[in-house]
Each structure stands twice: as structure tokens, then as C-alpha cells.
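The values are calculated or read from the model by the stated rules, or taken from the named source; none is laboratory data. Just so it is clear, the structure is predicted and the values come from calculations on it, not from any experiment. Methodologically, a virtual Cβ is constructed for each residue, glycine included, from the backbone with ideal geometry; neighbour enumeration extends over all protein chains shown.
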Amino acid sequence: MRAFRIAYDGSGYYGFQRQPDVPTVEDALFDALRALGVLEPDARKPAGYAAAGRTDAGVSALAQTVALEAPEWLTPRAFNGELPADVRAWAAADAPDGFHATHHATRREYTYHLYAPPADRLRDGSSGTSLARAAVDDDRFRAACDALSGTHDFHNLTPDGSNTERSPTLEASREGDYLVVTVSAGGFARELVRRLVSLAESVGTGERSLADLKRALEPEPLPGHEGIAPASPEPLVLAAVDYPNLAFEVDEDAAASARAVFDARRIERRTGSRVAGQLRDGLR
């Protein structure tokens, strides 16, 4: 049994898990394994296969983890030979028989990059945007993160109908125009991370109060008009998944190629931002 760390840019995929007629990260992994002869053409999935989590459409990952029965020659570099450029294996570990990438993970960590320029930058326009938006107060935002941390029943913050009690920890740090929110827990209900960020942001802007937040954690369902919609998926990254008994070894060649791919994407998006900025500035 081998476990692989997988990084991917989720912007071009309809989530991690396979779905009919749309591209997913799991499809890319299985297509690569078929091309390598590890997965039979008519097999539904590899023997022993499981993944750490099911990221939503548009969500990216640094440390998605998949495990399967694999030959010794299947290194991250070999895996990458058949993977698309935006999906990269970069580390691997030997796993014991019976290992399950979902059930044996002890901690998952997500990072959300929330665009939230300080109020003074919104007022003077130095954030580079002319769009009207409410400023996020960092102190109120962090107070919301504190209130959402700990054990709660989050039935009002997920479409799941059961198993909604979780014990997340939310922390936020200011990085320029962004609040970088780290959310960690043993596991998460569907859409929970994005709804936690959305609720904290609404408290930070003053749209909701801490009393409203606490109301969302009570047993009674929220009426539809008080519901909390999930934050956008694109700023979310599955940043870490912990397995205390696995020792992952970084494949330096695979990691270097992955850095090159994602650096090229970073430059491409920066260039796109400059072009959009010129279009905006010219409309005067």
C-alpha cells in the first residue's frame, strides 16, 4: 500500500470526487493510473483506494492524500508523467495493510484567503478596487473565529442532515489586503469551512452580530432568510492532512516540477490581474 500527497489547482475541476460528464481531480488520477497500467481499463477504482477528503468544485489542495495498492516503481515523478499539469504528486509513503486515507487521518487543515482590505484602504481607493464593499473589522472577525472554535453542532452550517457535531479551531492573520483564515479539525461536514468563513466575515462587516452567530449554533434550524451561504470556493486550499504513523518522503524532482507549474500559474494570474486593472482604470 502506498500513500501519495497530491497538490492541485481546483479552478478547472468540478471538485475532487468523480461525477458523470464533468472533469474532476479523481478522474485525472484514475486516467493516469490506467495509462500507467496500475488500474485495469474496466476497473472502477484501484484496489485499496481511498482519499483524505472530497474538496468542492473550485477548491485547491496542497496535501490531498490518496492511498492504493501500487507497485514500488510508482513514484510521484512516475505518477506525474501521466497527470495533467495542474495535478501534481509530490511525496509518498509506505502504508500498512488496511490503511484508509479517509478514516485514519487525525487532523485536516484548510486555508482560506479572504479578500478583506482594511477600511482606510477601501476609503482611499488604494486597494485597487472601485467596487463598493463593506470593510471587515479584524477584531470582530477574530472574535467570531473564537466563538466558532470548539465543539458545536453545526447543523445550520452544512447541508448534511446528520453527524454535524465538529470541533474546529479557527485562526486569522492579516496579510495586506487579505485575512488568511486557518481552519483545522479532525474532520468536516460538507461546505462547513466555507460557511464558517462566511459567517465570520458577516460578523466582521457588522452585517451580523455575535448574538446572531450564537443563534446559528443553537439546536433550532435557521429560517431560510437567515441562512448562511458558503463563501466562494476558489480561495480555499486543503493545506494539510495528518497521519501520525506515516512518514512521507518528498520526491525532489516531482516537487520541483510542481513548483514550476504553480509558479507559472501564479504569474499568469498576476498578468491577468494587471490586464483587468488597465481595463478598469481606462473606464473613466
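Within the group Leu62, Leu39, which residue is among the aliphatic types (A, V, I, L, M) and either crowded, with 21+ Cβ neighbours inside 10 Å or not assigned by TED's automatic domain parsing to the domain that holds Gly98 (or both)?
Result of the check over Leu62, Leu39: Leu39.
Restricting to the range 36-66, name every residue that is in contact with a helix residue (DSSP H, G or I) (Cβ under 9 Å, 6 or more places away or on another chain) and in a strand (DSSP E or B).
Ala51, Ser60, Ala61, Gln64, Val66
Which of the following residues is surrounded by fewer than 23 Cβ atoms within 10 Å (Cβ to Cβ), in the same structural domain as Arg265 (by TED's automatic domain parsing) and in contact (Cβ under 8 Å) with a residue 24 or more places away in the chain: Ala67, Ala28, Ala7, Ala47?
Ala28
Considering only residues that are of a type in the set (A, V, I, L, M, F, W, C), farther than 14 Å from Arg5 by Cα and in contact (Cβ under 8 Å) with a residue 60 or more places away in the chain, which ones fall in the range 238-284?
If the condition is that a residue be of a type in the set (A, V, I, L, M, F, W, C), farther than 14 Å from Arg5 by Cα and in contact (Cβ under 8 Å) with a residue 60 or more places away in the chain, then Val261, Phe262 are the ones that fit.
Name the single residue that is nearest to Ala229 (Cα to Cα) among those in the range 154-173 being surrounded by 14 or more Cβ atoms within 10 Å (Cβ to Cβ) and in contact with a strand residue (DSSP E or B) (Cβ under 8 Å, 6 or more places away or on another chain).
Phe154
Looking at the range 191-228, which of its residues are part of a loop (DSSP other than H, G, I, E, B) and either free of Cβ contacts under 8 Å to residues at least 40 places away in the same chain or among the acidic types (Asp, Glu) (or both)?
Hits for the range 191-228 are Glu191, Glu207, Arg208, Ser209, Glu218, Glu220, Pro223.
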